[in-house]
1. What distance in nm lies between label points placed 7 Å from Cα along the C-beta direction at residue 55 and residue 301?
2. Relative contact order (percent) for the chain, with alpha-carbon contacts under 8 angstrom and 6 or more residues of separation?
3. Any idea what angle helix 153-167 forms with the longest principal axis of the chain, computed on alpha-carbon atoms, 0 to 90 degrees, nearest 10?
4. Starting at the first residue of region 217-234, write each ³J(HN,Hα) from the Karplus equation 6.51 cos²θ - 1.76 cosθ + 1.60 with θ = phi - 60°, in whole Hz, x for Gly and Pro.
5. Please quote Rg/Rh for the chain to two decimal places, taking the Kirkwood radius as Rh and restricting both calculations to Cα atoms.
6. Relative contact order (percent) for region 254-441, with alpha-carbon contacts under 8 angstrom and 6 or more residues of separation?
7. Summing -39500 (n - 2.57) over the DSSP H runs of n ≥ 4 in the chain and dividing by its residue number, what mean residue ellipticity at 222 nm do you reach, to the nearest 500 deg cm²/dmol?
8. Give me the log10 of I(q) over I(0) for region 254-441 at q = 0.18 Å⁻¹, as the Debye formula computes it from C-alpha points; what are the numbers?
Amino acid sequence: MTTSHYIAGRWVEGQGSDCISVNDPALGQPFAELMAASAAQVDQAVAAARSALPAWKATSASERAGYLRGFAEQLGQRREALISMQMRNNGKPRHEAEIDLDDAIATFNYYAELAAQLPSKNREVPLAAPGFTARTRLEPVGVVGLIVPWNFPLVTSAWKLAPALAAGCTVVLKPSEVTPLVEQAYGQIADALDLPAGVLNIVNGKAETGAALSNHTGLDKLSFTGSNSVGSQVMRSASAQCRPVTLELGGKSAIVVFEDCDVDQAVQWIVAGITWNAGQMCSATSRLLVQNGIADALLPRLQAALENLRVGNPLIEEVDMGPLTSQAQWLKVASYFATAREEGLQCLAGGKALDRDGWFVSPTLYADVPKDSRLWTEEIFGPVLCARRFATEEQAIAEANDSRFGLVATVCSADLARAERVADALEVGHVWINSVQAVFVETSWGGTKGSGIGRELGPWGLSAYQSVKHVTRCLG
Ligand code: NAD
């Protein structure tokens with residue numbers, strides 16, 4: 001049993017009724033347990049954040065920048081432990097776990113720099129009207145709740161924590177019950193840095209704990225990353241209280257491959273876009289649109305590349321893809337394999353769960369999938385790729401945009417003018433040209449349509465935790 005809640009600068013036992021099992025997905029077995037936080041403990045965490053707010057928002061921007069650099073450094077000092085925990089609890093291959101950690105470190109360093117620049121953003125506003133001066137103040141939104149999923153736990157939390165703390169907000173973080181251990185590092189680091197008690201609080205738990213936080217009347221804002229169904233509940237709570245919310249939700253993103261591409265290079269991009277993190281990415285490019293002239297050459301090579309991937313336990317062998325992270329996700333992906341069989345889809349690779357311990361599935365490719373298939377329209381959140389062919393650029397754009405989601409897209413073409421034109425026409429938050437899943441902290445993250453509200457990363461990630469205030473003075 002692990003002591004796992006960090007409230008008002010102290011580690012405490014959970015007093016909720018749920019016992020959370022923490023699993024090794026490669027074995028399909030638990031390796032730790034913890035008790036969820038109770039609603040009363042969520043109250044305590046919010047109260048601690050509230051009482052820490054006045055002093056924290058009064059710290060200088062450079063002092064907050066110093067703490068953020070400290071977070072980055074301390075993450076680096078815990079490198080091996082954090083990589084191992086992500087491999088064990090998420091099933092991530094080592095190189096993916098390393099990249100996640102580096103991303104979290106880069107995020108804290110980046111927002112340290114933005115925090116240090118904050119005083120220069122509070123400036124006089126030139127007015128056309130005589131007789132007045134006005135100045136801008138960017139103030140912290142206040143006490144924020146942060147609710148995150150399990151697929152990139154260190155990273156998703158860093159994308160929220162770093163800008164929130166940089167802005168001068170105090171926070172209550174609720175990690176996913178599937179991966180509740182790795183983010184404990186953030187509480188341990190707060191201890192190591194002597195971060196004032198209550199500035200960062202962590203409560204663990206399942207839906208009940210998440211709902212206690214998202215319904216809490218003591219928050220000034222909630223930032224949520226997760227599924228659309230929970231996101232809409234979170235939005236309802238926010239709307240009942242007329243409170244701002246950032247939502248990073250699901251995706252069903254397109255990868256568009258034009259016939260002027262090098263086939264082998266395109267295959268690499270397509271494989272990475274659907275098998276990284278075993279396809280458990282909001283940004284998985286799970287709808288392949290391939291131009292007629294290249295489809296017959298590309299699909300067999302794609303099939304071979306997927307079949308040749310090394311799938312296994314990242315803790316004991318070198319693998320390209322690990323297991324799915326939870327049994328629930330494994331059952332969900334298996335249910336889509338059943339739907340594909342019922343719909344009579346043409347399966348070129350995979351299409352089944354692996355016959356071994358743990359929550360493994362094979363990388364999967366369905367070809368010529370009808371537009372109304374559930375596999376074409378719904379987020380599966382696994383290594384399941386659906387392909388369709390297209391003739392013209394206009395058709396590719398129309399099919400890519402024909403989705404209720406709008407998170408990301410990839411465009412592959414040797415004709416860069418065309419690639420840029422298509423990128424501009426896609427209704428998504430981020431487009432990669434001739435690359436996949438390349439996320440840089442200076443650029444934004446977030447989607448259009450059903451993929452959410454608001455943006456993380458870059459200066460937009462900081463603005464999400466700031467309130468704009470103007471002070472206008474009459475000179476007369
Ligand atoms: P989820 O919505 O089930 O859970 C997310 C978090 O919400 C967890 O911490 C969970 O405990 C909590 N929660 C559950 N019920 C709640 C409730 N009623 N009230 C408040 N909180 C509650 O999502 P998941 O299965 O953990 O993650 C997968 C989903 O996340 C996918 O849909 C994926 O696309 C999405 N996602 C989006 C992004 C993005 O940036 N757009 C990034 C990663 C994941």
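Bear in mind these aren't lab numbers, they're just calculated from the coordinates by the rules spelled out. The structure presented is a predicted model; accordingly, all values stated were derived computationally and were not measured. All Cβ positions, even for glycine, are placed from backbone atoms using ideal geometry, and neighbour counts span all protein chains on display.
1. With each label point 7 Å from Cα toward Cβ, the separation is 6.2 nm.
2. On the way: 1100 pairs, mean separation 87.1, N = 476.
Relative contact order for the chain comes out at 18 percent.
3. The answer is roughly 30 degrees.
4. Rounded to whole hertz, the list is 7, x, 9, 9, 7, 10, 10, 10, 10, x, 6, 5, 5, 6, x, 6, 5, 4.
5. Reported Rg/Rh (Cα atoms, Kirkwood Rh): 0.99.
6. The normalised contact order for region 254-441 reaches 27 percent.
7. Calculated mean residue ellipticity at 222 nm is -13000 deg cm²/dmol.
8. Results for region 254-441 at q = 0.18 Å⁻¹ read -1.20.
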